[in-house]
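The values are calculated or read from the model by the stated rules, or taken from the named source; none is laboratory data. Everything numeric here is computed off the predicted structure, so don't read it as measured data. FYI the Cβ positions are ideal-geometry reconstructions off the backbone, even for glycines, and counts take in every protein chain you see.
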């Protein structure tokens, strides 16, 4: 009786549906973020949305009777991991979009599993196998095609965005590896609320002090974009993601998130009229190929 139940859990239609919702929601966020930058600065918009989202997640956790208390001995690792996985991603990816197209940021962002595989070597002692080395090379080839396809001058103009996007991906990867090394034993929604809140608070504070955003600058579409980032990206997608992890194997869920850059690239072309040609498709295929190998190795 146990094995059939496990098989059904792996093939759970609800789990697969929630995985699609999560991936589509996160993928659509790239062009939405890119548009929002025309009205509001990156650190303020992403930081403030994250704080509101964290509060909403905390309320959802309480409604599901998950404890929000953090064990004293876990505070330091929680702060470190939150600042890396959330703070680093929110700040660097927001800044990257000042130079990069939404489709380019989406492709660079999905390279996270490759950096996880690379960083797990010195930190966790996981050997860098041939497959993992190949995955890194393939993913880097995709990045080279994406950034270098428009000539040297265009590539140099995008270099700050490239470095920011890669820094954000590496921060998430490092936080992920450290979480494996120092597990955070908390209920999932409570942990997400704390991580998003801790990670976004300093970003929001710096944004308010440096960028001086004005509410009057937001149009109705800008407010809708802020609402999407808060309610969909930080709330709905995280709730669905943890529900996915309860119903599907972690490897299946991780591979399923490869839909994120596909949605991001296609949505950017449809919503922002960004180019979707051979260069973008080749970069997407190469990067996805490298990530797939990294996830399977």
Restricting attention to region 71-94, the residues that are touching a helix residue (DSSP H, G or I) at 6+ places or on another chain (Cβ under 6 Å) and modelled with pLDDT under 90 number exactly 0
Here the residues within region 102-145 that are surrounded by fewer than 20 Cβ atoms within 10 Å (Cβ to Cβ) and under 19 Å from residue 285 (Cα atoms) are 131, 133, 134, 136, 137, 140, 141, 144
Matching residues in region 217-267 (modelled with pLDDT of 90 or more and outside any helix (DSSP H, G or I)) number 2
Checked region 210-235 for anything touching a helix residue (DSSP H, G or I) at 6+ places or on another chain (Cβ under 8 Å), within 18 Å of residue 26 (Cα to Cα) and surrounded by fewer than 17 Cβ atoms within 10 Å (Cβ to Cβ); matches are 231
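Can you tell me which residues in region 158-216 are assigned to a loop (DSSP other than H, G, I, E, B) and either within 21 Å of residue 47 (Cβ to Cβ) or touching a residue at least 60 places away in the same chain (Cβ under 8 Å) (or both)? Even if it seems obvious, please write down each step before you answer.
Restricting attention to region 158-216, the residues satisfying the condition of being assigned to a loop (DSSP other than H, G, I, E, B) are 182-187, 211-214.
If the condition is that a residue be assigned to a loop (DSSP other than H, G, I, E, B) and either within 21 Å of residue 47 (Cβ to Cβ) or touching a residue at least 60 places away in the same chain (Cβ under 8 Å) (or both), then 182, 184, 185, 186, 187, 211, 212, 213, 214 are the ones that fit.
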Note on residue 273: of the conditions (1) over 23 Å from residue 119 (Cβ atoms); (2) touching a helix residue (DSSP H, G or I) at 6+ places or on another chain (Cβ under 8 Å); (3) surrounded by fewer than 21 Cβ atoms within 10 Å (Cβ to Cβ), unmet is (2)
